[in-house]
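The values are calculated or read from the model by the stated rules, or taken from the named source; none is laboratory data. Computed from a predicted model, the values in this text were never measured in an experiment. Ideal geometry is used to build each Cβ from the backbone, glycine not excepted, and the neighbour counts take in all protein chains shown.
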Amino acid sequence: MSLSWLTIRDLEYVVAVAQTLHFGKAAQACRVSQPALSAQIKKVEDLLGLRIFERTNRRVSIGDKGKAIVEQANRILEEVNRLSELGGEDTAPLSGTLRLGCIATLGPYLMPHLLPGLRKRFRKRGFS
């Protein structure tokens, strides 16, 4: 398996475990079962070829290399969130540019009746 099998969700699981230092609490925060979260963490560790988290029956800790992995996962998630913000800036319903066309013989008769209502209704969204 290559790193192309690594998903954003996997990175979210890694960060959640690092923040809580508890697999059960991390699973709850991610809204998945603890075995599912553990399996995904193991998948990430296998893909990277190292153990991110040191586990005992009572504790979870982060190894030195694990800290670097967690920091990088945080950076990646921040960039993904930024990408999402950039993509979502103009995706509000009825936002952006509206180009309305009409044949020349109807335009002078239809548009004066249509445009004032549209301007009034969508002024807050930048319609002018």
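Here are some notes:
- For beta carbons closer than 7 Å, sequence separation of 6+ or different chains, a first residue in segment 1-17 that is under 25 Å from SER61 (Cβ atoms) and at pLDDT 95 or above and a second that is part of a helix (DSSP H, G or I) and among the aromatic types (Phe, Trp, Tyr), the qualifying pairs are VAL17/PHE23.
- Selected residue [of a type outside the set (Ser, Thr, Tyr) and touching a helix residue (DSSP H, G or I) at 6+ places or on another chain (Cβ under 6 Å)] from LEU21, LEU37, LEU48: LEU37
- Residue that is surrounded by the most Cβ atoms within 10 Å (Cβ to Cβ), among those in segment 59-100 that are at pLDDT 85 or above, of a type outside the set (S, T, N, Q) and more than 26 Å from the chain's Cα centre (by Cα): VAL60
- Among the residues listed as LEU47, LEU37, the single one being modelled with pLDDT under 95 and among the aliphatic types (A, V, I, L, M): LEU47
- Selection count, segment 37-58, where residues are of a type in the set (Val, Ile, Thr) and either exposed (fewer than 15 other Cβ atoms within 10 Å of the Cβ) or in contact (Cβ under 8 Å) with a residue 40 or more places away in the chain (or both): 1
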